[in-house]
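Student: There's a structure below that I have some questions on.
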Amino acid sequence: MHLALCDDEQYQLDHIVTLLEEYREKALPSLRWTTFLTGGALLTAMEQGQHFDAALLDIFMRDLNGMEVARYIRSIDSSIRLLFITSSSDFAVESYRVDASDYLLKPITAEALFSSLDKLVDQLKLPEEQGLVVRDAEGGLSKVLFSHLVCMEAMGHFTVLYRANGSSVRVFQPFSALAAELEQRQEFIQIHRSYIINLRYVHRMTKNEVFLLNGTSLPLSRSHQPTVTQRFLDYSFWGVESC
């Protein structure tokens, strides 16, 4: 589920992002979000083709208020779910005229936000999370969710899959075969003959290294560097979530 989060106060965005991170950890690993400090920036992203399953809109913003943004969103996308976040209940009735899914009063609590997200998940009928099903070195079958897979490494006769929670799975399946499957997804890209990474977990890049959010640095080969750099820029531009 991809959310647009729009509030013109950075500290409010930071607070809600902290809650979203908690919800993702507990209930929905595939949750991702894009933050916007103005309604205009959100509308521009949508006009340029960015898709969101739901938008969390602050009503009282300086450039365009959340209700104005919601009315415009409704004119171009009738399916997106709308949730309002505000310090006043004055717009509660009007919010339902744009078919809002919920109306949350500040300060936003984990209980209130999680309840709204639970409703969204149910309304959207999200499919079961996809992943790689692999046979590990001990002979058992394991499913590694794409959203949890940080990177993959070729290690001698084995291939090692590293998860976001710090665990890893060592498998006998060829690196090349698993790489072919991963690279069908836009978030995965090969950076070196021995490594494929998930772009959502990249913190920064240099000419010859990729730094992941968990503090790991991996080599970036010269032959892969132009493609990887462009893909990272594209992926970052479209606001793939803070992790």
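Student: Counting other C-beta atoms within 10 Å, which of Leu105, Leu3 has the fewest, and how do the rest follow?
Tutor: In order of increasing Cβ crowding within 10 Å: Leu105, Leu3.
Student: What percentages, rounded to whole numbers, describe P(r) for segment 2-124 computed over all alpha carbon pairs with 10 Å bin width beginning at zero?
Tutor: Reading the bins upward from 0: 13, 51, 33, 2.
Student: Would you list, by chain and number, the lysines whose Cα falls below 20 Å from the Cα of Lys26, excluding same-chain residues fewer than 8 positions away?
Tutor: Lys119, Lys125, Lys143
Student: Which angle between 0 and 90 degrees, to the nearest 10, do you get for helix 110-124 versus the longest principal axis of the chain when only C-alpha atoms count?
Tutor: 80
Student: Using the Kirkwood radius over Cα pairs, work out the Stokes-Einstein diffusion coefficient for the chain at 25 °C and 0.890 mPa s, in µm²/s as a whole number.
Tutor: Estimated via Stokes-Einstein, D reaches 126 µm²/s.
Student: While we're looking at this one, here's another question. Counting only DSSP beta bridges with both residues in the chain, what percent are antiparallel, rounded to the nearest 5? Provide the component values of the computation, followed by the final result.
Tutor: Working: 29 of 47 bridges.
About 60 percent, rounded to the nearest 5.
Student: Which of Val202, Val134, Val17 has the fewest other C-beta atoms within 10 Å, and how do the rest follow up to the most?
Tutor: Ordered by Cβ neighbours within 10 Å, fewest first: Val17, Val134, Val202.
Student: Something else: Kindly express, to the nearest 10 degrees and within the range 0 to 90, the angle between helix 10-26's C-alpha long axis and the longest C-alpha principal axis of the chain.
Tutor: It is inclined by approximately 50 degrees.
Student: Compute the angle between helix 225-237 and the longest alpha-carbon principal axis of the chain, please, reported from 0 to 90 degrees and rounded to the nearest 10.
Tutor: So the inclination is approximately 20 degrees.
Bear in mind that the values in this text are calculations on the coordinates, not laboratory data. Values in this document were obtained by computation on a predicted structure and should not be read as measured data. Reconstructed Cβ throughout: ideal geometry from the backbone, glycine too, with neighbour counts over all protein chains shown.
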